[in-house]
Amino acid sequence: MELDGAARHPPKRRVPAAAPRMADPHPLFDDTSATGGGGTHPGRGYGVPPVAASSSSPYPPPASFLGEPVSSLAVAYGTSLANQGRDIVDRNLDRFIPVGRLKYYFAVDTVYVGRKLGLLIFPFVHQDWQVRYQQDAPVAPRFDVNAPDLYIPAMAFITYILVAGLALGTQNRFSPDSLGLQASSALAWLIVEVLAVLLSLYLVTVNTDLTTIDLLAFAGYKYVGMIIGLLSGLLFGRTGYYVVLSWCCLSIFVFMIRTLRLKLLSEAAAEGVLVRGAKNQLRMYLTMAIAAAQPLFMYWLTYHLLR
């Protein structure tokens, strides 16, 4: 029985282990199946891409050699364009609006403002109207009450718009459109007045040191009297408005005559007498016309605000 079982199950044969293969010293192709990127030649084949260099490497990444010069060049180019644009804007702005000159007209203080307002309302007792100079340049307004400024005209214009809105509100006629129309109308008449004076000076060929900003300042002083007239009308009715506005109109007329005669009639003012001549008479008529236009504008811009 045992012999039959042994014959039925033949003994297993032991297969000798295969000898290890020796690496080919001259491989025909590189092995790219490894996950490390292809053995000693990373980047060949289609394995996982090589790991980026750590930040502790002393050498910058390859992209920095191109990024840094390009960014520096762009920054330098943008800075040069910005500087050129600023120079062009400053040059053209100074041609039409002398920003440096405007600082002179706002060099005021509280004492000057108080004295100037008193001069605008009571110009009859003032004696010396000559603007003082220092090294061929007029002194700042805060040192000379006769010097023109833009602070009072600017503040008076804004206050006039606010008082006009108050006057319209007390009569139930206020609306944003009406207030905007009032502001734009006052500004338009101011510009027309200054342009008309400039055209008249050009036609008469008057050699004067009056600038456009000076004319704007003198034309803006009338808003002080307009504010006082409107407030008087709100407090005392139409009678108070006409009485106070008439006084303010007379004051601004005298103020403009005594101020502009030194600018437009400099030769006659220096001699103390009026020079008999056609050109000087034109200057005198022009001075009178500019002064007489102030009361007309004061009445035109305020009468419709009170009923």
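Residue-level analysis places Leu150 among those that are open to solvent by less than 30 Å² (accessible area, probe 1.4 Å) and under 29 Å from the mean Cα position of the chain (by Cα). Of the residues making up region 169-187, those that are in a helix (DSSP H, G or I) and either polar (S, T, N, Q) or in contact with a strand residue (DSSP E or B) (Cβ under 7 Å, 6 or more places away or on another chain) (or both) are Thr170, Ser178, Gln182, Ser184, Ser185. Where helices (runs of 4 or more DSSP H) sit wholly within region 63-130, those with at least 2 residues that are at pLDDT below 75 and of a type in the set (A, V, I, L, M, F, W, C) occupy 64-96. Considering Ile191, Ile227, Ile121, the condition of being of a type outside the set (Phe, Trp, Tyr) and either within 24 Å of the chain's Cα centre (by Cα) or open to solvent by 50 Å² or more (accessible area, probe 1.4 Å) (or both) is satisfied by Ile191 alone. Across region 215-224, the number of residues qualifying as open to solvent by 10 Å² or more (accessible area, probe 1.4 Å) and either under 20 Å from Ile161 (Cβ atoms) or in contact (Cβ under 8 Å) with a residue 40 or more places away in the chain (or both) comes to 2.
The values are calculated or read from the model by the stated rules, or taken from the named source; none is laboratory data. Predicted model only: the values in this text are computed from it and were never measured. Don't worry about glycine lacking a Cβ; one is built from the backbone with ideal geometry, like all the others, and counts go over all protein chains shown. For accessibility, only protein heavy atoms count, side chains too; no ligands or nucleic acids. Shrake-Rupley method; radii C 1.70, N 1.55, O 1.52, S 1.80 Å.
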